[in-house]
Amino acid sequence: MEDSPAPPPVPDAASLREAALAHLARFATTEQGLRQVLDRRLRRWGVRASRAGLPNEDIESAIASLRPAIDGIVASMTDLGAVDDAGYARNRALSLTRTGRSRRAVEAHLANKGVDQDTTREALNDSLGERSDSSAQEAELAAALVLARKRRLGPFQRPDREEEDPLKALGVFARNGFSRDVAQSVLDMDSDEAEDRIIAFRSL
């Protein structure tokens, strides 16, 4: 009968900090995102420790004792500027819009990443313009055009395809967070103008 593997060493604050730095060297993230990365590291340790025969109550106690260390590491990385929710939100807002995400979809994405509403609103206003501004409206239209090109709708419909159902096309835009007015503008646009608007937005 094989001996059980020795329990892996319990993580400590130093190893968690190293893990945080390694992650941040490769990926931009939010405070919540970094906290989840470190929490998953603890959970993976817990799985290995359990397989090695360490009692579950000891595992949970060790994990609980390290939660304050995780909070301290996240705060430290934020103070250093390595984690910046506002900067992350600005960059993601612009990049997601350029890939065809509506403002509403970007807001939902950032909320899921743990960015608070005020930071999200400021980031969107900084990167795309305030909702009522012409720059924000142009960004929303350009994002809808990118989606239309991906889905072969409106000005990007293939000429060899049967004419699309307008209500079905409008439904695609609605499900992706675009208003009916924006969707209708896209569907009414000719292909040359549509391409020019996408190029102009992506060159900003």
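Read-outs throughout are calculated quantities, based only on the coordinates presented, and are distinct from any laboratory measurement. As the structure is a prediction and not an experimental result, all values here were calculated from the model. In this analysis, Cβ positions are derived from the backbone assuming ideal geometry, glycine residues included, and neighbour counts consider all displayed protein chains.
Per residue, the convex hull spanned by the Cα atoms of the stretch 17-129 amounts to 120 cubic angstrom.
Reported to the nearest whole Å, the Cα centre-to-centre distance from the stretch 28-77 to the stretch 113-147 is 35. Summing +1 for each Lys or Arg and -1 for each Asp or Glu among the other residues whose beta-carbon sits under 15 angstrom from that of Glu60 gives +1. With bins 5 Å wide beginning at 0, the percent of Cα pairs of the chain falling in each bin runs 1, 7, 13, 13, 12, 10, 9, 8, 8, 7, 5, 4, 2, 1, 0. Considering every alpha-carbon pair of the stretch 13-80, the percent of pairs per 5 Å bin, from zero through the bin containing the longest distance, is 3, 17, 29, 22, 14, 9, 5, 1. Highest mean packing first, where packing is the average number of other Cβ atoms within 10 Å per residue, the peptides 108-115, 159-166, 62-69 line up as 108-115, 62-69, 159-166. Phi angles across the stretch 36-48 convert, under the Karplus curve 6.51 cos²θ - 1.76 cosθ + 1.60 with θ = phi - 60°, into 3J(HN,Hα) values of 5, 4, 6, 5, 4, 4, 5, 5, 5, 4, x, 5, 5 Hz, Gly and Pro given as x.
Rounded to the nearest 500, the helix-only mean residue ellipticity at 222 nm of the chain stands at -23000 deg cm²/dmol, with each DSSP H run of n ≥ 4 adding -39,500 (n - 2.57).
Taking other residues whose beta carbon is less than 10 angstrom from the beta carbon of Ala136, and scoring Lys, Arg as +1 and Asp, Glu as -1, yields -2.
Taken about its Cα centre, the chain carries a charge dipole of about 500 debye when Lys and Arg each add +1 at the Cβ and Asp and Glu each add -1 at the Cβ.
Computed from backbone phi, the HN-Hα couplings of the stretch 147-162 come to 4, 4, 5, 4, 9, 6, 10, x, x, 9, 5, 5, x, 8, 9, 5 Hz, rounded to whole numbers (Karplus: 6.51 cos²θ - 1.76 cosθ + 1.60, θ = phi - 60°; Gly and Pro given as x).
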